[in-house]
Amino acid sequence: MESEFLLETHDLVKTFGALRAVDGLNLQVRPGEMVGLVGPDGAGKTTAMRLLCGALHATSGSIRLAGYEYPGQIEQARGEIGYLAQRFSLYGDLTVKENLDFFGEIFEIPEKERQQRSADLLRFAGLSEFAERPAAALSGGMQKKLGLACALVHQPKVLLLDEPTGGVDPVARQEFWQLLIGLLRGGSAVLVSTPYMDEAMRFNRVIFMNHGKALTQGIPRNLMARLADRILELDAEPQMEAKAIAASDPEVEDVHTFGNYLHLRVSTAEGPTTRIPARLAEAGLKLNHLYPVPPTLEDVFIHLLETEGAGYG
Ligand SMILES: Nc1ncnc2c1ncn2[C@@H]1O[C@H](COP(=O)(O)OP(=O)(O)OP(=O)(O)O)[C@@H](O)[C@H]1O
Ligand SMILES: [Mg+2]
């Protein structure tokens, strides 16, 4: 039977000696969907991506991509995979256009078609005017866009992007996401890994990953709703002392620094909202504000690490 998913894994495991870098991962991506694999350094994101693109063999579990099962049908599947590695390499001495042509040759795209496709991708990536520039002379953000264009040369159905916005400035990041939205409209399935929580809001679904496991997955809005009314923002000076006072409140479960402020996760808001200002005043600290704020995905992830994540580490 045809699956509704372009990409799915079942209990995927990859071990390196005693380390379970990917530890029973189940994920599904539909056509037109962008799913984020979000987790800290060492969570297993790159290992998962490398399993999915066929660069590594799984220890156990299964992968199905565009109707092909691994490992048996990995060769057929390759034609449907566009992979942008975390540390991908372009040929720095070759021009932008020569890099695209090179990938076109690898995928054995006929010469005539290749020219047209290179031109289309250059336009898509906003690189037409830089076609003759050596790739090494591009900015970091432009290199990422060229990397993406190279990964699209063979018109894959599934895109695997491993931390594609790492080290890229905010403007270039924004442009990069716009390019991806265009691809989703065309029915591609996109799996993106990122360590940046603020990027996770862009995904149709996020999978929070830690120690090789998916802690939870869901629509960003729904994940945040889990902590509705349970995050207070505190701005008080000096912050270190304020943090200690907040943390000692019996109804405060966690305190972490969030930009210039503190985020307190509370079991209920009422008690801490009255007690903490009084305690701060007693200690002679300056209170600027303390009020409920909408939870962020970072709040959710920290919560997950402390609860569901317990025992994994
Ligand atoms: N080839 C390998 N041999 C041994 N251990 C490995 C290998 N590749 C990855 N690991 C280990 O597997 C774990 C997961 O690494 P991985 O690179 O998948 O994490 P990541 O989520 O991509 O992290 P980052 O955000 O830093 O890129 C780490 O502990 C890493 O050291
Ligand atoms: Mg990685």
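The values are calculated or read from the model by the stated rules, or taken from the named source; none is laboratory data. Only a predicted model underlies this, so the values are computations on that prediction, with no experimental measurement involved. Neighbour counts are summed over all protein chains in view; Cβ atoms, including those assigned to glycine, are modelled from backbone coordinates with ideal geometry.
Each row is one residue, and each column tells you yes or no for (1) in the same structural domain as A135 (by TED's automatic domain parsing); (2) within 16 Å of ligand 2 (Cβ to nearest atom); (3) not hydrophobic (A, V, I, L, M, F, W, C); (4) not in a loop (DSSP other than H, G, I, E, B).
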site: V13; (1), (2), (3), (4): yes, no, no, yes
site: A43; (1), (2), (3), (4): yes, yes, no, no
site: G54; (1), (2), (3), (4): yes, no, yes, no
site: I63; (1), (2), (3), (4): yes, no, no, yes
Inside region 257-278, can you point out the residues that are in a strand (DSSP E or B) and either surrounded by 13 or more Cβ atoms within 10 Å (Cβ to Cβ) or hydrophobic (A, V, I, L, M, F, W, C) (or both)? F258, Y261, L262, H263, L264, R265, V266
Of these, T59, T47, T15, which one is modelled with pLDDT of 95 or more, among the β-branched types (V, I, T), closer than 17 Å to L160 by Cβ and within 15 Å of ligand 1 (Cβ to nearest atom)? T47
Checking T9 against (1) closer than 28 Å to G186 by Cβ; (2) without any contact (Cβ under 8 Å) to a residue 24 or more places away in the chain, which single condition isn't satisfied? (2)
Can you list the strands (runs of 3 or more DSSP E) lying wholly within region 119-237 that have 2 or more residues being under 15 Å from the mean Cα position of the chain (by Cα)? 158-162, 189-194, 205-210, 213-218
Determine the pairs where a residue that is in a loop (DSSP other than H, G, I, E, B), located within region 279-298, has a partner that is surrounded by 15 or more Cβ atoms within 10 Å (Cβ to Cβ) with Cβ atoms under 6 Å apart, the partner being 6 or more residues away or on another chain. L285/A236; L285/A242; V293/I231; V293/E233; P295/M224; P295/L227; P295/I231
